[in-house]
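Engineer: Attaching a single structure in structure tokens format; questions to follow.
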Amino acid sequence: MLSRFVIASTIVATLVRAGPVIQVSPQTKYQQYDGTGISEAFQRSLVMHELNLASEKIVLDYLFSNTTGAGFTILRNGLGSSPTEGYDLMKSIAPVAPASNSSKIDFQPFSREDQYQIWLSSQAISRGVHTVYADAWSADGYMKTQGTDFNGGYLCGVTNATCASGDWRQAYANKIVRYINNYKSHGITIDFVGFLNEPDLNTTYASMQSSGQQAADFIKILYPTLQKAGLTTQIACCDGSGWEQQRERLTGVQQAGYENEIGLVTSHGYSSKPGAPFNTPKKVWQTEWSTFDPLNFDWYRTGSQSEGLTWANNVQRLFGVSNVTGHLYWWGAANDTDNQALIYINGTSTVKPTKRLWAHAHFGSRLVRKGATRIGATVTGNAGPLSVTAFANTDGTTAVQVINNGDNAETVTLQGLKLNTVVTYLTNQASNFTVGNAVVSGSVAACEVPGRSLLSFYIR
Ligand SMILES: *[C@@H]1O[C@H](CO)[C@@H](O)[C@H](O)[C@H]1NC(C)=O
Ligand SMILES: *[C@@H]1O[C@H](CO)[C@@H](O)[C@H](O)[C@H]1NC(C)=O
Ligand SMILES: *[C@@H]1O[C@H](CO)[C@@H](O)[C@H](O)[C@H]1NC(C)=O
Ligand SMILES: *[C@@H]1O[C@H](CO)[C@@H](O)[C@H](O)[C@H]1NC(C)=O
Ligand SMILES: *[C@@H]1O[C@H](CO)[C@@H](O)[C@H](O)[C@H]1NC(C)=O
Ligand SMILES: *[C@@H]1O[C@H](CO)[C@@H](O)[C@H](O)[C@H]1NC(C)=O
Ligand SMILES: *[C@@H]1O[C@H](CO)[C@@H](O)[C@H](O)[C@H]1NC(C)=O
Ligand SMILES: *[C@@H]1O[C@H](CO)[C@@H](O)[C@H](O)[C@H]1NC(C)=O
């Protein structure tokens, strides 16, 4: 008579022979993990707030719940620079130009509590979000060579940006401190603050250009200003529009001798795709990336850049190849009919998640938590269509994400870890982070990964 164990071992033995083996190596340690996140800048927080109460809760849970949603833990808010607040603008707390660069700024209270970003931050934090990143797309127009917060231009006072009105770097730093203190008075800590967004571009919306040297010229003022204000907020730099644009700016900051003054290196994924890691000891986040094609709810159809499986690969490569410690998609939820958001909002009651949302859940707090360490994980032999990442949480649990980019199912076995309970989560065209089981025998777990799927093992 066969015992249960023998049956299980027989199955595993069969599976081992049949399919690829994933070797996890907990002793091989890579970067630390901070989290995953989204933004609702440019008043998408207002669009969310316009939903009826029931739908509002649904969308917040989809994004931030660590039991039913994607488990995002980082929120990137927009630090306003616009003098007015029509839809799609981010209103400044310093909209009126003072008499001179040395005059006191007449700060104004937040409009609609920072266009519902205070509300959103509180809602997100109550669901487990632990990090808030406030990022300015530009300084106020009167602080810049351009005279407007849109159409690019430079911050007056940095190298090559001399203005008749003088040097506005201290005024800009003071405004940033005021913004952080306003959040503090609402009980919200801004952990990181950025003063640039895509500084390699001049755009028709809020934008401010900057080289690495010019960023360093402001960091040398902002850093002591934050210190003097007694704030623990760390500086993030520079949200380049693509990986290589950011690498150039990071190099400039390093050459100017100001890398130590920043706490976080931030880059977007648009103009050049995330690739080789940056040469820095600092935390590195990809802080904004999406596509602009018509709304796409598919997991896998043609392999287009807007599908869920493509984003599963993007996120896995960010952690596994580009060595990021955090990854943020662009908007979490929005009413735009393209792929700038992970969830589509239509009117005041319709909330429709895309498959891209569920791809992100595999790298969010339901499986990987702040302080986790990425560890070694390889497909032994020919990996074929499989790719893998693994993270060791501080509580002893481990998450292993396996992507099958092929059409055929692959029965994989996992080895190298002490296995107690093993739960699996599957996302593909038919499943959204659906819970399942692996066959466990001794120190080996086996599970079928269907074609074109993302399956995570969660080991307790
Ligand atoms: C999950 O979210 C709750 C708030 O809803 C938070 O208290 C808890 O720490 C979070 N757990 C994990 C593991 O992130
Ligand atoms: C940015 O573009 C606008 C519109 O094309 C142009 O007017 C402005 O001069 C540009 N700014 C800089 C600094 O090149
Ligand atoms: C300043 O302008 C000069 C002359 O155009 C240029 O060579 C230099 O690279 C610029 N420096 C910065 C930091 O932008
Ligand atoms: C105002 O600009 C002038 C001229 O660049 C500069 O000397 C002065 O330090 C600036 N004032 C402040 C408060 O930064
Ligand atoms: C990965 O990032 C960490 C900082 O989080 C750094 O210490 C490490 O050197 C980086 N590794 C590579 C290969 O760049
Ligand atoms: C999104 O909602 C905002 C606020 O209600 C509205 O002004 C805007 O026109 C909407 N955008 C789209 C694309 O529906
Ligand atoms: C949004 O809702 C309207 C009204 O119900 C509907 O006509 C429209 O097709 C919906 N848009 C999308 C992209 O689903
Ligand atoms: C999975 O989510 C999609 C939206 O992304 C939804 O259309 C579908 O009904 C969900 N499937 C299941 C099995 O829950």
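The values are calculated or read from the model by the stated rules, or taken from the named source; none is laboratory data. Predicted model, so just to flag it, every value in this text is computed and none were measured. No Cβ is skipped: glycine too gets one built from the backbone with ideal geometry, and neighbour counts run over all protein chains shown. In case anyone asks, the SASA skips ligands and DNA or RNA and just uses the protein heavy atoms, side chains included. Shrake-Rupley method; radii C 1.70, N 1.55, O 1.52, S 1.80 Å.
Engineer: What's the number of the condition residue 383 fails, among (1) modelled with pLDDT under 95; (2) surrounded by 17 or more Cβ atoms within 10 Å (Cβ to Cβ); (3) among the small types (Gly, Ala, Ser)?
Structural biologist: So the condition that residue 383 fails would be (2).
Engineer: Check whether at least one residue in the stretch 94-104 is among the basic types (Lys, Arg), surrounded by fewer than 24 Cβ atoms within 10 Å (Cβ to Cβ), assigned by TED's automatic domain parsing to the domain that holds residue 39 and more than 24 Å from the chain's Cα centre (by Cα), and report yes or no.
Structural biologist: As a first pass, look at the stretch 94-104 and keep what is among the basic types (Lys, Arg): 104.
Checking the rest, the ones that are also surrounded by fewer than 24 Cβ atoms within 10 Å (Cβ to Cβ) come to 104.
Narrowing further to those that are assigned by TED's automatic domain parsing to the domain that holds residue 39: 104.
Within this subset, residues satisfying the condition of being more than 24 Å from the chain's Cα centre (by Cα) are 104.
Scanning the stretch 94-104, I find at least one residue that is among the basic types (Lys, Arg), surrounded by fewer than 24 Cβ atoms within 10 Å (Cβ to Cβ), assigned by TED's automatic domain parsing to the domain that holds residue 39 and more than 24 Å from the chain's Cα centre (by Cα), so the answer is yes.
Engineer: Of these, 380, 394, which one is closer than 19 Å to residue 73 by Cβ and in the same structural domain as residue 452 (by TED's automatic domain parsing)?
Structural biologist: Values: 380 fails: closer than 19 Å to residue 73 by Cβ.
Being closer than 19 Å to residue 73 by Cβ and in the same structural domain as residue 452 (by TED's automatic domain parsing) holds for just one of 380, 394, which is 394.
Engineer: Just name the residue that is nearest to ligand 6 (Cβ to nearest atom) out of those in the stretch 337-358 that are touching a helix residue (DSSP H, G or I) at 6+ places or on another chain (Cβ under 8 Å) and open to solvent by 30 Å² or more (accessible area, probe 1.4 Å). Let's see the steps before the verdict.
Structural biologist: Taking the stretch 337-358 first, the residues touching a helix residue (DSSP H, G or I) at 6+ places or on another chain (Cβ under 8 Å) are 339, 341-343, 345, 348-351, 353-358.
Within this subset, residues satisfying the condition of being open to solvent by 30 Å² or more (accessible area, probe 1.4 Å) are 348-350, 353.
Details: 348: 9, 349: 13, 350: 12, 353: 18 Å.
Step by step, filter the stretch 337-358, then rank; the result is 348.
Engineer: Would you pick out the residues in the stretch 57-92 that are within 16 Å of ligand 1 (Cβ to nearest atom) and over 25 Å from residue 371 (Cβ atoms)? Quick ask: steps written out before the conclusion?
Structural biologist: First, pick out the residues of the stretch 57-92 that are within 16 Å of ligand 1 (Cβ to nearest atom): 57-75.
Within the stretch 57-92, 57, 58, 59 qualify.
Engineer: Take the conditions modelled with pLDDT of 95 or more, within 25 Å of the chain's Cα centre (by Cα) and open to solvent by less than 60 Å² (accessible area, probe 1.4 Å) and apply them to residue 122. Does it pass?
Structural biologist: Working: modelled with pLDDT of 95 or more: yes; within 25 Å of the chain's Cα centre (by Cα): yes; open to solvent by less than 60 Å² (accessible area, probe 1.4 Å): yes.
Criteria met by residue 122.
Engineer: Could you tell me which of the residues 255, 234 is touching a strand residue (DSSP E or B) at 6+ places or on another chain (Cβ under 8 Å) and either open to solvent by 50 Å² or more (accessible area, probe 1.4 Å) or of a type in the set (Phe, Trp, Tyr) (or both)?
Structural biologist: Details: 255 fails: touching a strand residue (DSSP E or B) at 6+ places or on another chain (Cβ under 8 Å).
Matching residue, one of 255, 234: 234.
Engineer: When the stretch 125-149 is examined, which residues are found to be among the small types (Gly, Ala, Ser) and open to solvent by 60 Å² or more (accessible area, probe 1.4 Å)?
Structural biologist: Once the filter is applied, which keeps residues that are among the small types (Gly, Ala, Ser) and open to solvent by 60 Å² or more (accessible area, probe 1.4 Å), the stretch 125-149 yields only 126.
Engineer: Yes or no: the stretch 295-316 includes at least one residue that is open to solvent by 30 Å² or more (accessible area, probe 1.4 Å) and either aliphatic (A, V, I, L, M) or within 16 Å of ligand 4 (Cβ to nearest atom) (or both).
Structural biologist: yes
Engineer: Ok, one more. Looking only at the stretch 396-435, count how many residues are part of a strand (DSSP E or B), under 13 Å from residue 454 (Cβ atoms), open to solvent by 20 Å² or more (accessible area, probe 1.4 Å) and not polar (S, T, N, Q).
Structural biologist: The qualifying residues number 3.
Engineer: Among the residues of the stretch 389-442, which ones are under 26 Å from residue 298 (Cβ atoms) and of a type in the set (A, V, I, L, M, F, W, C)?
Structural biologist: Step one: list which residues in the stretch 389-442 are under 26 Å from residue 298 (Cβ atoms), which gives 389, 399-412, 424-436.
Within the stretch 389-442, 399, 400, 402, 403, 409, 412, 426, 430, 433, 435 meet the criteria.
Engineer: Follow-up question, since we're still on this one. Looking at this structure, is residue 78 among the small types (Gly, Ala, Ser), modelled with pLDDT of 95 or more and out of contact with any Pro (no Cβ under 7 Å at 6 or more places or on another chain)? Give the steps one after another, and end with the answer.
Structural biologist: Numbers: among the small types (Gly, Ala, Ser): yes; modelled with pLDDT of 95 or more: yes; out of contact with any Pro (no Cβ under 7 Å at 6 or more places or on another chain): yes.
Answer is yes for this residue.
Engineer: Another question, if that's okay. For the stretch 207-229, state whether one or more residues are within 16 Å of ligand 5 (Cβ to nearest atom) and crowded, with 17+ Cβ neighbours inside 10 Å. Before the answer, list the steps.
Structural biologist: Within the stretch 207-229, the subset within 16 Å of ligand 5 (Cβ to nearest atom) is none.
Scanning the stretch 207-229, I find no residue that is within 16 Å of ligand 5 (Cβ to nearest atom) and crowded, with 17+ Cβ neighbours inside 10 Å, so the answer is no.
Engineer: Now, a different point. Any residue in the stretch 182-195 that is more than 24 Å from residue 113 (Cβ to Cβ), surrounded by 23 or more Cβ atoms within 10 Å (Cβ to Cβ) and either within 16 Å of ligand 7 (Cβ to nearest atom) or not basic (Lys, Arg) (or both)? Let's see the steps before the verdict.
Structural biologist: Of all residues in the stretch 182-195, those more than 24 Å from residue 113 (Cβ to Cβ) come to none.
Looking through the stretch 182-195, none of the residues is more than 24 Å from residue 113 (Cβ to Cβ), surrounded by 23 or more Cβ atoms within 10 Å (Cβ to Cβ) and either within 16 Å of ligand 7 (Cβ to nearest atom) or not basic (Lys, Arg) (or both).
Engineer: To continue, here is another question. Just the residues that are within 14 Å of residue 195 (Cα to Cα) and part of a helix (DSSP H, G or I), please, taken from the stretch 219-245.
Structural biologist: Residues satisfying the conditions are 219, 220, 221, 222, 223, 225, 226.
Engineer: To continue, here is another question. When you go through 372, 390, 377, 361 one by one, which is the residue that is within 16 Å of ligand 1 (Cβ to nearest atom), open to solvent by less than 30 Å² (accessible area, probe 1.4 Å), among the hydrophobic types (A, V, I, L, M, F, W, C) and under 16 Å from residue 320 (Cβ atoms)?
Structural biologist: Details: 390 fails: within 16 Å of ligand 1 (Cβ to nearest atom); 377 fails: within 16 Å of ligand 1 (Cβ to nearest atom); 361 fails: under 16 Å from residue 320 (Cβ atoms).
The unique qualifying residue is 372.
Engineer: Can you tell me which residue among 152, 166 is open to solvent by less than 10 Å² (accessible area, probe 1.4 Å), at pLDDT 95 or above and assigned to a loop (DSSP other than H, G, I, E, B)?
Structural biologist: Numbers: 166 fails: open to solvent by less than 10 Å² (accessible area, probe 1.4 Å).
152 is the lone residue from the list that is open to solvent by less than 10 Å² (accessible area, probe 1.4 Å), at pLDDT 95 or above and assigned to a loop (DSSP other than H, G, I, E, B).
Engineer: Answer yes if at least one residue in the stretch 274-286 is away from ligand 5 (no atom under 16 Å from the Cβ), at negative phi and assigned by TED's automatic domain parsing to the domain that holds residue 140, and no otherwise.
Structural biologist: No, the stretch 274-286 has no match at all.
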